[in-house]
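Engineer: What follows is a single structure, and I will ask about it in a moment.
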Amino acid sequence: MTVHNLYIFDRNGKCLYYNEWNRKKQAGISKEEEYKLMYGMLFSIRSFVSKMSPLDSKEGFQSFQTSRYRLHYFETPSGLKFVMNTDLSVSNARDALQHIYSNLYVENIVKNPTCILGNSLDSDLFSTRLDTFIRALPYYNPRTT
Amino acid sequence: MLASMLFAIGSQLSPEPGSSGIEMLETDVFKLHCFQTLTGIKFIVLADPRQASIDALLRKIYEIYADFALKNPFYSLEMPIRCELFDQNLKSALEIAEKAGNFGAGS
């Protein structure tokens, strides 16, 4: 049971924050390209979901899974996007992402007068608290190999 | 076409080696299931999030495709499927799955 990595994007598609805990395979492209690819994929999935949805949907796309991992997605009304990859045993990480937004992002970045919104999140306090939170998750378990 | 690109990107961005493309996508009102065969044919089903045993349904649909489309001498690969037996069998498989799914959601 584990968390692989986390991305935070602003509403313009800029990656504000990225960290990884248990990533076994890199994408084979530079980090910049990877952020763009990830954002582009999510943007396309959201547009695809809103067109294909048989009923009116309030929240839209929430997660997807492949044979090896699950991607969880949470978007705030201001367009901030939280993306977390975990293994398949984690069925719902929405609460965790919601907590990261309300208790970590809002408290440590938005309320910080030296942090300019729209720039990359370089608050040490945010990073350490986020890291502690992720490691404290019940489904986080770093593999020894 | 866009859908198959998205599913493939899901595999490239994987943090774990050996990942497939997207197999299931979840929203608040529906779940999309995708089954990819070895030849690259994708079967995509949109269902209620509570509907059970879609995997079995996807394999059943693959079987119906193999029996009534591929084995039909008048059907050419890569073309739209206009085979009556395919439609009939598909319809009854979907009806069975829906009935079975209702019992699953209710209990």
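Engineer: Quick one: is B:Thr27 in contact with a helix residue (DSSP H, G or I) (Cβ under 7 Å, 6 or more places away or on another chain), surrounded by fewer than 19 Cβ atoms within 10 Å (Cβ to Cβ), under 16 Å from A:Thr66 (Cα atoms) and of a type outside the set (Lys, Arg)?
Structural biologist: no
Engineer: Continuing with this model, one more query. Just to be sure before I move on: is A:Glu107 crowded, with 20+ Cβ neighbours inside 10 Å, acidic (Asp, Glu) and modelled with pLDDT of 85 or more in the structure I sent?
Structural biologist: Numbers: crowded, with 20+ Cβ neighbours inside 10 Å: no; acidic (Asp, Glu): yes; modelled with pLDDT of 85 or more: yes.
Criteria not met by A:Glu107.
Engineer: Output the residue which, of all residues in segment A:28-53 that are surrounded by fewer than 17 Cβ atoms within 10 Å (Cβ to Cβ) and among the aliphatic types (A, V, I, L, M), is nearest to the chain's Cα centre (by Cα).
Structural biologist: Filtering first and then ranking leaves A:Leu37.
Engineer: Just for segment A:1-52: of the residues that are at pLDDT 90 or above, of a type in the set (S, T, N, Q) and part of a loop (DSSP other than H, G, I, E, B), which one is farthest from B:Ser11 (Cα to Cα)?
Structural biologist: Filtering first and then ranking leaves A:Asn12.
Engineer: Here's a follow-up. State yes or no: is B:Leu2 surrounded by 15 or more Cβ atoms within 10 Å (Cβ to Cβ) and at pLDDT below 90?
Structural biologist: No.
Engineer: Just to be sure I understand, how many residues within segment A:13-49 are of a type outside the set (Phe, Trp, Tyr) and more than 10 Å from chain B (Cβ to nearest Cβ)?
Structural biologist: Adding up the residues that qualify gives 10.
The values are calculated or read from the model by the stated rules, or taken from the named source; none is laboratory data. Quick caveat: nothing in here was measured; it's all calculated off a predicted structure. Glycine also receives a Cβ, built like all others from the backbone with ideal geometry; neighbour counts cover every protein chain displayed.
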